[in-house]
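Reading through the structure tokens given below for one structure.
The values are calculated or read from the model by the stated rules, or taken from the named source; none is laboratory data. Quick caveat: nothing in here was measured; it's all calculated off a predicted structure. Reconstructed Cβ throughout: ideal geometry from the backbone, glycine too, with neighbour counts over all protein chains shown. The protein model used for the area step is the full one, side chains on, heavy atoms only, and it has no ligands, DNA or RNA in it. Shrake-Rupley method; radii C 1.70, N 1.55, O 1.52, S 1.80 Å.
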Amino acid sequence: MPILGGMEACDERWGAKWRTHFTCSDQKFFSRMGLISKSIQQQAVIQEKETTDVLKEYETIFHEQRKSVAGLIVELTNLGFIVQRGRRVRRS
């Protein structure tokens, strides 16, 4: 069922709770796609380029990584396009 605004709208409205009925692998996929989406938007602003130009750059990296979303995330992190967050700390 299509949702206006897609994954971003769901994340803004419900946070990560909307993903709870999906499998762990689906949740990870949604998380990775969200990272890529945010990175595309940020790079378009930083580099002052059109979104389509940034997508073309990412597409070449994606093909170099054998069409792997996980590989794309790793490469974008290495290039500094995605900032690696630290581990979450448990508070007691």
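Below are the figures for this structure:
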| read-out | value |
| --- | --- |
| Å² of accessible area per residue within the chain, as computed with a 1.4 Å probe and no ligands counted | 84 Å² |
| Accessible-area composition of the chain, carbon plus sulfur, in percent [1.4 Å probe] | 54 percent |
| Residue-wise HN-Hα coupling along the stretch 47-58, computed from phi with Karplus coefficients 6.51, -1.76, 1.60 (Hz; x: Gly, Pro) | 7, 6, 10, 6, 4, 5, 5, 5, 4, 5, 4, 5 |
| Contour minus Cα-Cα distance for His21 and Lys38 (0.36 nm per residue) | 3.8 nm |
| Solvent-accessible surface ranking, highest first, for Leu76, Leu55, Leu4 at 1.4 angstrom | Leu4, Leu55, Leu76 |
| Pairwise FRET efficiency - Ala9 versus Ser92, Cβ, R0 = 35 Å, nearest 0.05 | 0.50 |
| Pairwise Lys count, the chain - Cα closer than 26 Å, eight or more residues apart or different chains | 10 |
| Residue-by-residue Karplus 3J(HN,Hα) for the stretch 61-78, coefficients 6.51, -1.76, 1.60, Hz, glycine and proline x | 5, 4, 5, 5, 8, 6, 6, 10, 5, 4, x, 5, 4, 4, 5, 5, 5, 4 |
| Order of exposure, largest accessible area first, which applies to Glu59, Glu12, Glu75, Glu50 with probe 1.4 Å | Glu12, Glu50, Glu59, Glu75 |
| Kirkwood Rh, angstrom, the stretch 10-54 [1 / mean 1/r, Cα pairs] | 11.8 Å |
| Tail fraction, Cα-Cα pairs, the chain, threshold 22 Å, whole percent | 38 percent |
| Tilt relative to the chain, helix 24-46 - C-alpha long axis, 0 to 90 degrees, to 10 | 40 degrees |
